[in-house]
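The values are calculated or read from the model by the stated rules, or taken from the named source; none is laboratory data. For clarity, every value in this text was computed on a predicted model and none was experimentally measured. Virtual Cβ from ideal backbone geometry, glycine too; neighbours counted across all protein chains shown. Surface areas here come from the heavy atoms of the whole protein model, side chains and all, with no ligands, DNA or RNA. Shrake-Rupley method; radii C 1.70, N 1.55, O 1.52, S 1.80 Å.
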Amino acid sequence: MAARPWWRIGWRNLGRNRRRSLITIAALAVGYFSVVLLVGWWDGVVVEMINNGTGILSGQLQVHSAAYLPDRNVYETIGGPDGTDVTAIIAGVTADPAVEGAAPRVYGGGLVSFGNATTAAAFLGIDPELEPRVSRLMDALSSGRPPARGTNEILVGVEMARILGVEPGAEVVVVAPAVDGSLGNDLFVVSGVFTSGLADLDRTFALLPIDALQALMVLDPGRVHEIAAAVPDPWDAPAAATRLHSALGATDGALAVESWTDLRPELVEYAQLSQSFQWVLLVIVFGMAIFGVANTMLMATFERRHEFALLLALGAAPRGIVWSVVVEAIALGAIGLLVGAAVTGPVLVWWHNAPPDLSWLVGDFTMAGALVRPVLRVEYPWSMAVQSALALFATAALAALYPAMRAARVPPADTLSGR
Amino acid sequence: MSEQRVVAVRTDRVWKVFEHDGIAVDAVRDVSLEIQRGEFVVLAGPSGSGKTTLLNLLGGLTAPTRGAVWIDGQELTAMKERQRARLRLERVGFVFQAYNLLPVLTALENAEFSLLLRGVPAEERKRKVQELFQRIGIGGLEDRRPSKLSGGQQQRVAVARAVVGEPALVLADEPTANLDSASSIALLDVMTTLNEDLGTTFVFATHDQRLMERARRLIRLVDGAVESDTRRPSTKGA
Ligand SMILES: Nc1ncnc2c1ncn2[C@@H]1O[C@H](COP(=O)(O)OP(=O)(O)OP(=O)(O)O)[C@@H](O)[C@H]1O
Ligand SMILES: [Mg+2]
């Protein structure tokens with residue numbers, strides 16, 4: 001039996017109670033809009049969290065001596081005590097297609113003193129030219145400028161500056177244990193103050209030119225602890241790490257190449273958690289929509305029970321009637337989707353490119369140890385947009401099934417004689 | 001009569017009993033009938049006498065409690081609902097008192113619906129319906145929705161739908177109940193003409209005295225049983 005008459009009836013029934021149809025369409029559109037937008041925003045938060053969690057300092061990918069982590073033993077420089085060709089490794093890392101830039105680093109620990117004030121500090125020796133390609137720590141200095149190569153300059157966190165009572169230009173004493181067993185100490189001039197927003201960094205971190213820190217710790221220029229690299233799409237980093245593992249000849253076990261997913265598993269967990277949150281959201285919103293559509297379809301099919309009775313009396317197959325009701329619901333879904341997408345699309349583009357800033361409302365906050373700005377920046381949640389569309393159709397069809405089956409079971413004789 | 005007698009519908013001691021608040025109501029009692037192809041039968045009786053129930057039994061819309069019904073030679077009691085639906089679609093036309101048309105379909109779409117379900121090609125459907133519309137005086141109204149038709153016009157569309165598939169019989173349950181007397185007579189005329197010109201079999205339930213007077217075969221029901229079954233010569237031209 002042809003399905004076309006049922007399509008026609010289902011479609012035309014849609015226009016019979018315009019207001020009711022419009023309300024249902026609006027409900028579905030709003031459901032779609034909220035799911036896609038909330039998911040897009042949540043994706044945006046996760047991306048921002050990952051970007052900040054990896055982009056402020058650590059980078060998305062790191063190369064170490066295999067023995068360096070987890071203890072961060074200062075003796076375990078890349079290539080062992082003899083060091084390595086740092087420029088060559090950086091070139092090798094940068095050669096990977098997913099990598100945007102790489103920078104060498106030396107880590108140390110010690111004390112910083114100014115006048116009577118002394119504080120413990122973690123020292124990071126950086127290459128002032130290469131470092132900005134990997135981390136954002138020096139992007140926004142609250143005062144001064146980054147330390148310059150070949151000078152005894154130091155960049156301190158805002159909290160450390162407060163503890164020591166220093167401003168740019170102040171001369172501080174830096175003390176750090178050297179690898180030869182001696183205690184290196186020297187005078188450094190504060191070149192600037194950074195504000196990361198992360199309390200630990202702002203209190204304990206100090207950045208020095210890599211050559212100055214190497215000299216203080218009696219490390220040769222070829223001895224570095226870390227090559228940090230930037231991978232613009234963080235989710236490319238694990239694959240890049242695997243590629244670099246063989247490209248750098250790390251298979252002998254001396255080198256370790258790690259992506260942020262290895263170094264910061266809590267961020268990955270958070271991303272996964274937000275994924276499951278999205279599914280919960282989808283189920284809740286469309287679960288509610290099911291009852292809305294089912295209610296509409298129940299009312300509609302009850303009003304039309306005489307028509308179904310007539311069709312059954314004439315000899316129509318019950319499945320034709322089921323079909324006409326399901327078609328009507330799917331048409332509701334399709335229009336709801338069109339309206340929803342028409343509204344959602346532009347808002348997504350707008351909030352992706354010019355996210356409204358809500359920091360006046362809630363201030364900055366940290367999540368899984370990463371700084372998050374309260375902006376409504378959305379990512380394009382492509383897969384969720386498609387899944388929500390499918391969920392919307394499934395909702396409409398599912399919600400119509402029970403009313404449709406009831407419609408198809410109307411007793412024709414009794415219904416037509418008004419019983 | 002020289003023409004061959006073909007039975008359109010036959011019942012053998014058919015009963016329909018309804019449970020009503022625990023009390024059994026014999027809506028149709030022990031009715032044995034035979035209606036030939038080409039007959040025009042009026043089923044008369046007071047309200048509650050079982051006209052609708054008997055029509056539903058004759059059309060395979062309800063199953064009898066006891067007894068048997070043959071439509072076009074096929075016995076119904078053994079059939080599944082699907083088969084009975086198929087039989088109704090192919091052999092029986094229905095005109096009800098109300099709710100006859102789907103409001104979302106045009107007059108033509110309503111009238112051709114049974115043909116469409118039977119898989120008759122669109123061209124043929126349209127041609128047949130238009131021809132019939134012309135014949136019963138609603139030519140030109142094909143594209144109107146039922147809400148834009150008068151009650152009499154709506155019932156004619158329903159008659160067209162019932163007749164167009166050339167069924168073994170057409171069952172009309174008080175099709176004039178919601179019409180004024182002029183429209184009622186006109187509808188009866190339409191059915192009489194179709195009966196005479198095309199040989200369509202009609203079983204027509206009514207309690208309108210004027211309509212009964214024009215019957216060639218009048219079956220009177222009282223309390224679900226046949227009280228009388230009388231035939232008269234054609235009243236055509238009388
Ligand atoms: N589905 C049903 N359930 C219970 N009782 C029913 C049912 N259908 C009919 N009856 C009863 O059967 C009897 C015959 O009803 P039916 O509708 O066939 O009469 P009718 O002659 O068509 O009456 P009317 O002229 O009012 O249409 C009535 O007593 C009625 O109450
Ligand atoms: Mg009746």
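Observations, loosely collected:
- GluC sites (Glu not before Pro) within the range A:110-209, DSSP loop, no more than 12 other Cβ atoms inside 10 Å: A:GLU129
- Solvent-accessible area buried by A and B, counting both chains, probe 1.4 angstrom, square angstrom: 2100 Å²
- Charged side chains reduced to their Cβ positions (Lys and Arg at +1, Asp and Glu at -1) give the protein assembly as shown a dipole of some 5460 debye around its Cα centre.
- Rounded to the nearest 10 Å², the accessible area of B:LEU108 at probe 1.4 Å: 20 Å²
- When the helices of chain B are scored as -39500 (n - 2.57) per DSSP H run of n ≥ 4 and the total is divided over every residue, the value at 222 nm lands at -10000 deg cm²/dmol.
- Projected over all directions and averaged, the alpha-carbon convex hull of the range A:56-164 occupies 8.2 nm².
- For the protein assembly as shown, lysine pairs separated by 8 or more sequence positions, or belonging to different chains, with Cα-Cα distances below 25 Å total 5.
- Positive-end residue of B:GLY60, B:LEU194, B:MET79, charge dipole of the range B:7-231 with Cβ unit charges: B:MET79
- Protein accessible area in the protein assembly as shown, 1.4 Å probe - carbon and sulfur %: 56 percent
- Computed over the range A:6-122, the percent of Cα pairs more than 20 Å apart is 70.
- Averaging over all projection directions, the Cα-based convex hull of the range A:380-419 occupies 3.3 nm² in the image plane.
- Heavy-atom accessible area per residue - the range A:52-153, 1.4 Å, Å²: 42 Å²
- Shape index of the range A:59-262: Rg/Rh, with Rg the Cα radius of gyration and Rh the Kirkwood radius from the inverse mean 1/r over Cα pairs, equals 0.97.
- Per residue, chain A reaches -17000 deg cm²/dmol at 222 nm when only DSSP H runs of four or more residues are counted, each adding -39500 (n - 2.57).
- Taking the Cα centre of the range B:1-83 as reference, the dipole from Cβ charges on Lys and Arg (+1) and Asp and Glu (-1) amounts to some 80 debye.
- Longest segment of chain B lacking trypsin sites (Lys or Arg not before Pro) that sit in a DSSP loop with at most 11 other Cβ atoms within 10 Å: B:81-235
- Chain A: proportion of alpha-carbon pairs further apart than 29 angstrom, %: 59 percent
- For B:SER114, the solvent-accessible surface with a 1.4 Å probe is about 10 Å², rounded to the nearest 10.
- Dimensions in Å of the range B:129-238 - Rg and Dmax from alpha carbons: 14.5, 44
- Unit charges on C-beta of K, R, D, E only; dipole of the range A:59-262, Debye: 320 debye
- For the range B:7-231, the extents of the C-alpha atoms along the principal axes are 49, 38, 35 Å, listed from largest to smallest.
- Equivalent-ellipsoid semi-axes of the range B:46-126, from the Cα gyration tensor, Å, largest first: 26, 18, 9
- Residue-normalised accessible area of chain B, given per residue in Å² at a 1.4 Å probe: 46 Å²
- When the alpha carbon gyration tensor of the range B:90-170 is reduced to an equivalent ellipsoid, the three semi-axes, largest first, read 17, 14, 12 Å.
- The listed residues A:HIS225, A:HIS306, B:HIS207, once ranked by accessible area (1.4 Å probe) with the largest placed first, stand as B:HIS207, A:HIS306, A:HIS225.
- Cβ-Cβ FRET estimate between A:ALA342 and A:GLU167, R0 fixed at 60 Å, reported to 0.05: 0.65
- Principal axis dimensions, the range B:1-93 - Cα atoms, whole angstrom, descending: 50, 32, 21
- FRET efficiency, B:THR65 to B:ASP189 (Cβ-Cβ, R0 41 Å, nearest 0.05): 0.65
- Chain A: angle of helix A:382-408 to the longest principal axis, Cα-based, in degrees nearest 10: 20 degrees
- The modelled label-to-label distance for the pair A:ARG72/A:ARG136, using points 7 Å beyond Cα in the direction of Cβ, is 2.1 nm.
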